[in-house]
Amino acid sequence: MQKVTAQSATALLDSANSCFDEKNYAEAIFLYEIIYEKESDNSFVAFRLAESYRFVRDYVNAQYYYEEVLEESFLEFPQAQLWYAMCLKFSENYDAARVAFEKIAFDTANAFDSLIVRRAHREIDACIFADSLKQHPLPIIIENAGAHINTQYSDFAAIPFDSTSIIFTSSRREQDDAPREIRIFAELFYSQKNDSGWRNAKKISELNTSGFMNGNGAFSPDRKIFFFTRCTQIAINTLECKLYVSEFISEKWSEPLLLNSDINLPGYISTQPAVAKGKRGELILYFVSNRPGGKGGNDIWFVNIFSDGKISRAENCGSVINTVENEASPFYHQRNQTLYFSSEGHRGCGGYDIFQSDGSLAQWSEVKNAGYPLNSGVDDIFFNAQTFLNDGFLTSNRAGGITEDNQTETCCDDIYEYHWLIPQKIKPIIIITGRVKDVFSEENLSDAAITLRDIANSEWIEKEFTQKNTHSIFAVPSERTYKIFVLKEEYIPYAKKIDTHGLNDNDTIYFEIALEKLPVHVGQILHTIHFEFGRTDIPAKLKPSLDSTAQFLVQQPQIIVEIGAHTDSKGSELFNAGLSKTRAMNIINYFIRLGINRKQLVFRAYSESMPIAPNENPDGSDNPEGRKLNRRTEVRVLEVIMIEE
């Protein structure tokens, strides 16, 4: 009889392990609990129970079993200490979590590998930070969207459809007898709000396809194009996700189309879209992917989608946004040019926190935590804000969601509404647009580099290259003074100040910059004066040509020249140094009398150091012709400075 029992126990453990390996954690918990009830000293089973409960986001039970493991087999399962501490953090018990992380960070027995130790140090800082955020909550109201939106299943990713309605994703089922093998399921729903609240949600049948997880949508800024995700289940709790697009025209949804392989890279997930508008009207599609070339885990990527349908190569948003952990659910606030997203890797309050950063594409400001209680100890994702930032939605599995009696309070995602008690600041946006042309032909110039700079903080805002048939466009905050710098090869550089103080939102400033071709190039010798032996006075016969050079420099104040004086080798080095200096200064003083700005003139006394001809013949005899060539003073173009308006 005992032999049969042993075999049964082994089979039960094998079944539990299979479920765990297949990520069927609910079934694994059921089986491990049966085993642990009889083998309460089995640390392996206790650890698997802790892990399974953590994966289903039951942090109370996970914490209990991690603690059981630590009491029995700390050295066998050292990572239990990390996740025990994390469960305390998920429960917002930040002081206890910090102490638990310190046991790892300051361990002297070398029980933990270096990655766990480094993470523990980061988490100690995060616990202190999170506790500070909790002690200073934001002036904001956050409420569950209610039973017409949320169910005992996961409901998430709400986005405004118009001013009174939303589209969201839900894993709810209409029939309890759904096939057991279908473990992941979601569809897109629509709900409208009236004076009494949200109405019962309805499926969007045109966008939902049987056998797929349909959801995680985002509209283009004009609200005509809808991007969303369809996922297929390739294993239990493992999805293959791709992005689709549909247009909403004449109150109807078009047939969804699969986006191309630049976005949906075969073998990797592409999901959770967010859409922004580029400077030239193109769409910028941000999305989440685990494709190669990222910073680790799931990263946020972007492509440009142009009006002709062409799509650029996918690029990573960079290490300011992405971390070695997972990033999720981007949302781009067009007005403030701010990316909101969730991350496990930045310093936060718990699991996924909501963060924000100003910028676009791969250029971002420092990431900031959105604060408490927008963020909680658990997962806070799918942040979305209305145009004026005062209201919006987020998704969270925080306590207080809609659950059934047999569910843990943090098991499932619900949609929450938030409302700021203090109106949020919206950046007034000014449009700066214009063209760069040739001053004589008046034709638009292409490939001129235009850079916009904020004068107050010397911050470079944006850079682009002109195109012949389009205007350059910059959308920037008002109440600032900017400077536009224009550079083009073979043209004189140009700079222009633009003041946006006192302008209204969406006002447009138009510029037209005419560039002149460079009349000279750097290094060019404009004039050479040959002095008589031992003399420093300017020969009278050379003054007319010097006058022409001076007139040119008066007309071209952006040209800086060097007056470089040279001598032959006759006389001492000291004598020749003084001689060359006097000759250079005589030319400079002559030019100044003719009206040239002193700032355009730089003198150099080269003395006898740079001959261009031999001072002596090969036999050692004097070479008068060579010495005459060396007694020269050259007016050479040193620099062409920018014209400033």
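The values are calculated or read from the model by the stated rules, or taken from the named source; none is laboratory data. What you see is a predicted model, and the numbers here were worked out from it, not measured in a lab. All Cβ positions, even for glycine, are placed from backbone atoms using ideal geometry, and neighbour counts span all protein chains on display. Keep in mind that these areas ignore ligands, DNA and RNA; they rest on the heavy atoms of the full protein, side chains included. Shrake-Rupley method; radii C 1.70, N 1.55, O 1.52, S 1.80 Å.
Which of the peptides 467-478, 26-37 is most tightly packed, and how do the rest follow, judged by the mean count of other Cβ atoms within 10 Å per residue? Could the numbers behind the result be given before it?
Values: 467-478: 16.1, 26-37: 18.4.
Highest to lowest by the protection proxy: 26-37, 467-478.
Given a 1.4 Å probe and heavy atoms of the protein chains only, how would you sort 195, 568, largest accessible area at the top? Walk me through the numbers before you get to the answer.
Details: 195 170, 568 5 Å².
These residues rank, largest area first, as 195, 568.
Rounded to the nearest 0.05, what FRET efficiency do residue 460 and residue 438 give with R0 = 25 Å and r taken as the Cβ-Cβ distance? Could you check?
For R0 = 25 Å, the calculated efficiency reads 0.45.
Over the Cα atoms of region 493-542, what Rg and Dmax result, in angstrom?
Looking at region 493-542, its Cα Rg and Dmax stand at 23.9, 70 Å.
Please report, as a whole percent, how much of the solvent-accessible surface of the chain comes from carbon and sulfur atoms (probe radius 1.4 Å).
On the way: 15940 of 31790 Å².
It is 50 percent, rounded to a whole number.
Based on the Cβ-Cβ distance from residue 642 to residue 366, what FRET efficiency comes out when R0 is 45 Å, to the nearest 0.05? All intermediate terms of the calculation are to be shown ahead of the outcome.
Values: r = 31 Å, r/R0 = 0.68.
For R0 = 45 Å, the calculated efficiency reads 0.90.
Top to bottom by accessible area (1.4 Å), largest first, where do 251, 344 land?
Working: 251 150, 344 70 Å².
If we order 251, 344 from most to least accessible, we get 251, 344.
Of the beta bridges DSSP finds with both residues in the chain, what % are antiparallel, to the nearest 5?
Values: 119 of 136 bridges.
Here the antiparallel bridges make up roughly 90 percent for the chain.
Using only C-alpha atoms and all pairs of different ones, pull out the Kirkwood radius for region 112-227 in Å with one decimal. Please list the in-between numbers first.
Working: mean 1/r = 0.0569 Å⁻¹.
Roughly 17.6 Å, rounded to one decimal.
Quick one: what do you get for region 435-566 if you divide its Cα Rg by 2.2 N^0.38 Å? Write down the numbers at each step before the final one.
Working: Rg = 21.0 Å, N = 132, 2.2 N^0.38 = 14.1 Å.
Output field value: 1.49.
Rank 360, 163 by accessible area, highest first, at a 1.4 Å probe radius? Please report the intermediate quantities before stating the final value.
On the way: 360 40, 163 115 Å².
These residues rank, largest area first, as 163, 360.
Looking at region 318-392 from every direction and averaging, what is the projected area of its Cα convex hull in nm²?
Working: hull surface 18.0 nm².
Hull-based average projected area comes out at 4.5 nm².
Quote the FRET efficiency, to the nearest 0.05, computed for residue 512 versus residue 252 with a Förster distance R0 of 51 Å and r equal to the Cβ-Cβ distance.
Working: r = 44 Å, r/R0 = 0.87.
So the FRET efficiency works out to roughly 0.70.
Counting every Cα pair in region 29-118, what percent are over 15 Å apart? All intermediate terms of the calculation are to be shown ahead of the outcome.
Details: 2260 of 4005 pairs.
So the portion of pairs separated by more than 15 Å is 56 percent.
Could you tell me the relative contact order of region 1-154? Use alpha-carbon pairs under 8 Å, at least six residues apart, and round to a whole percent.
Here the relative contact order equals 13 percent.
Taking 0.36 nm per intervening residue step and subtracting the Cα-Cα distance, what contour gain separates residue 132 from residue 619 on full extension?
The span from residue 132 to residue 619 would gain 166.5 nm if fully extended.
Mind listing P(r) for region 66-152? All alpha-carbon pairs, 10 Å bins, whole percents.
16, 38, 22, 16, 7, 0
Would you please state which residues of region 397-426 a label at residue 26 would reach in this model, taking the label point 7 Å out along Cα→Cβ and a backbone N cut-off of under 16 Å?
402-414
Using just the Cα positions, wrap region 405-456 in a convex hull and report its mean projected area in square nanometres, one decimal place. Kindly include the intermediate steps, with their values, before the conclusion.
Details: hull surface 39.4 nm².
Answer in nm², one decimal: 9.8.
So between residue 113 and residue 390, what do we pick up on full extension, going 0.36 nm a residue minus the alpha carbon distance? Intermediate values should be presented prior to the final figure.
Numbers: separation 277, 0.36 × 277 = 99.72 nm, distance 4.51 nm.
The span from residue 113 to residue 390 would gain 95.2 nm if fully extended.
Compute the Rg/Rh shape ratio of the chain: radius of gyration over Kirkwood radius, all on alpha-carbon atoms.
On the way: Rg = 35.9 Å, Rh = 30.4 Å.
Ratio of gyration radius to Kirkwood radius: 1.18.
With the other protein chains left in place, how much accessible area per residue, in square angstrom, belongs to region 195-323 at a 1.4 angstrom probe? Please report the intermediate quantities before stating the final value.
Values: 6160 Å² over 129 residues.
I get 48 Å² per residue for region 195-323.
With the convex hull built on the Cα atoms of region 188-345, state its orientation-averaged projected area in nm². It would help to have the intermediate numbers written out before the result.
Working: hull surface 44.8 nm².
Across all orientations, region 188-345 yields a mean hull projection of 11.2 nm².
Hey, can you find the accessible area per residue of region 327-456 for me, probe 1.4 Å, expressed in square angstrom? Show your work: numbers first, answer last.
Values: 5070 Å² over 130 residues.
That works out to 39 Å² for each residue.
Let me know the whole percent of all Cα-Cα pairs from region 287-428 that are separated by more than 19 Å. Provide the component values of the computation, followed by the final result.
On the way: 5469 of 10011 pairs.
Tail fraction, whole percent: 55.
What relative contact order, as a whole-number percentage, does region 254-298 give when Cα pairs under 8 Å and 6 or more residues apart are counted? It would help to have the intermediate numbers written out before the result.
Numbers: 43 pairs, mean separation 13.3, N = 45.
Once divided by the residue count of region 254-298, the mean separation gives 30 percent.
Return the loop-located GluC sites (Glu not before Pro) in region 53-143 (DSSP other than H, G, I, E, B) with at most 12 other Cβ atoms within 10 Å of their own Cβ; answer none if there are none.
On the way: sites: 67, 68, 71, 72, 76, 92, 102, 123, 143; in loops: 76, 92.
Those that pass, being in a loop and sparsely packed, are 76.
Would you mind calculating the gained length between residue 501 and residue 532 on full extension (0.36 nm times residue separation, minus the Cα-Cα distance), in nm to one decimal?
Working: separation 31, 0.36 × 31 = 11.16 nm, distance 6.06 nm.
Residue separation times 0.36 nm, minus the Cα-Cα distance, leaves 5.1 nm.
So what is the relative contact order for the chain, in percent, with contacts set as C-alpha pairs under 8 Å and at least six apart? Mind showing how you got there, number by number?
Details: 1417 pairs, mean separation 53.9, N = 645.
This gives 8 percent for the chain.
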